[in-house]
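*Asks:* Structure below; questions to follow.
What follows is calculated from the coordinates using simple rules that are stated; it is not laboratory data. Just so we're clear, the structure is a prediction, and the values are computed from it rather than from any experiment. Please note: Cβ atoms are built from the backbone with ideal geometry, for glycine as well, and neighbour counts cover all protein chains shown.
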Amino acid sequence: MANLRAIRTRIKSVENTRQITKSMKMVAASKLRKTQAAFGNLRTFSERCAEMLEEVSAGVKPCDSPFLQPRNHPGAVCYVLIVGNRGLCGTFNNSLLRYLEEQARQESREQFLVVCGRWGKDMIAGTGLRVEKTFEISDTPTAAEARALSAWLRQLYLDGRAEEVVLVYQHYRSVLSQVPARKTLLPLPKKGDAGRECRFLFEPDRESVLKRLIDLYIDNTVHSVLLESRTGEHSARMTAMTSASDNTDELIGKLTLQLNHARQAAITTEISEIVGGADALKNKQ
């Protein structure tokens, strides 16, 4: 009976765990749909903004904008690490942290971190990189959050405290696949041909339009990467909770089978004891 009671207790515990994992799966799926829709809507606009910036910057000297001008003096590299707000999402955060450490080992310049997200402060501190600032980012990043982060990064670059600003995040391929990646935010990539004629007319002037377009590009790039990272986080958590729920179902099946075997053994033992007792009484008579 003690064995049967222990098995029933364990089945009840696993069933409670299954309820938790299924609830977390549904919450992650709901957040994924919301974030994925926002990311899909912004990604196209962000790509068009990058194309427009390339077109407008054609024929503009790098010195016309400090964000287009490469730094001639050595400086630090600022890694903007975009981690999740919590765990229980498989290897999403840990693989990103390992990728950052690999990038840092290949870099000879001074380095520091800007962390976006609430996960793993102790683990991030274990990398040995100095954390300059931490930003709280919601599960579905808003444009206001992205503008606050991008404005701080622009000022960081203009003050000369960083020679390069690099976004480190999980690139979203699909619900089942996220890959660590990096993207240089500042200085801006200038792919335009300096001798190429631009096919647009500008009002009031080209420099004013370029300045506004650069701010728009930086804001949209930061917002797009934040949304992409959060989409990957919700996908990873939904996948992890789906796997956990499937594992609890399998474990409950095994425990139920074990319970049935134990119950049958107990019944067989009781029948044997009854038959043995009846035989003993018959022989005594």
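*Asks:* For a quick check: sort V115, V165 by the number of other beta carbons within 10 angstrom, fewest at the front.
*Replies:* Sorted ascending by nearby Cβ count, the order is V115, V165.
*Asks:* Positive end of the charge dipole of the chain (Lys, Arg +1 and Asp, Glu -1 on Cβ, about the Cα centre): tell me which of A244, Q111, L226 has its Cα farthest that way.
*Replies:* Of A244, Q111, L226, it is A244.
*Asks:* Hey, fewest Cβ within 10 Å first, where do D159, D219 land in order?
*Replies:* D159, D219
*Asks:* If you put +1 on each Lys and Arg Cβ and -1 on each Asp and Glu Cβ, how big is the dipole of the stretch 30-236 around its Cα centre, in Debye rounded to 20?
*Replies:* Dipole about the Cα centre, nearest 20: 480 debye.
*Asks:* Among T127, L213, G253, whose Cα projects farthest towards the positive end of the dipole of the stretch 119-260, with charges put on the beta-carbon of Lys, Arg (+1) and Asp, Glu (-1)?
*Replies:* L213
*Asks:* Something else now. Would you please put 11-20, 89-98, 209-218 in order of how densely packed they are, using the mean number of other Cβ atoms within 10 angstrom per residue and starting with the highest?
*Replies:* Peptide ranking by packing, descending: 89-98, 209-218, 11-20.
*Asks:* Now for a separate question. Please list the non-local residues whose amide H lies under 5 Å from the amide H of H171, H modeled 1.01 Å from N, same-chain partners needing a gap of 5 or more.
*Replies:* Residues meeting the amide H criterion: V179, A181.
*Asks:* Looking at the P(r) of the stretch 30-236, how many percent of alpha-carbon pairs lie beyond 33 Å?
*Replies:* Beyond 33 Å sits 16 percent of the P(r) for the stretch 30-236.
*Asks:* Across the stretch 89-96, in residue order, what do the Karplus-derived ³J(HN,Hα) couplings come to in whole Hz, using 6.51 cos²θ - 1.76 cosθ + 1.60 with θ = phi - 60° and x for Gly and Pro?
*Replies:* So the Karplus estimates, Gly and Pro as x, are 9, x, 9, 3, 6, 5, 5, 5 Hz.
*Asks:* Summing -39500 (n - 2.57) over the DSSP H runs of n ≥ 4 in the chain and dividing by its residue number, what mean residue ellipticity at 222 nm do you reach, to the nearest 500 deg cm²/dmol?
*Replies:* Working: 5 runs with 169 residues, N = 285.
Computed mean residue ellipticity for the chain: -21500 deg cm²/dmol.
*Asks:* With θ set to phi - 60°, apply the Karplus curve 6.51 cos²θ - 1.76 cosθ + 1.60 along the stretch 238-251 and write out the HN-Hα couplings as whole Hz, x wherever there is a Gly or Pro.
*Replies:* 5, 5, 5, 6, 5, 5, 5, 5, 5, 5, 5, 4, 5, 5
*Asks:* Quick check: Cα centre of the stretch 104-124 to Cα centre of the stretch 9-56, how many Å?
*Replies:* So the two Cα centres are separated by 24 Å.
*Asks:* Let me ask something else. Arrange the following residues from fewest to most other Cβ atoms within 10 Å of their Cβ: S208, S150, S57.
*Replies:* S208, S150, S57
*Asks:* Right, another one. What relative contact order, as a whole-number percentage, does the chain give when Cα pairs under 8 Å and 6 or more residues apart are counted?
*Replies:* Over the chain, the number comes to 33 percent.
*Asks:* Please give every one of the aspartates and glutamates within straight-line cross-link reach of K211, meaning a C-alpha to C-alpha distance under 14 Å, and leave out same-chain neighbours fewer than 8 residues apart.
*Replies:* Partners found: E54, E55, D64, E203, D219.
*Asks:* Antiparallel versus total DSSP beta bridges in the chain: what percent is that, nearest 5?
*Replies:* Given both bridge residues lie in the chain, the antiparallel proportion sits at roughly 35 percent.
*Asks:* Applying 1/(1 + (r/R0)^6) with R0 = 35 Å to the Cβ-Cβ distance of N3 and M26, what FRET efficiency is obtained, to the nearest 0.05? Write out the running numbers ahead of the final one.
*Replies:* Working: r = 35 Å, r/R0 = 1.01.
After rounding, the FRET efficiency stands at 0.50.
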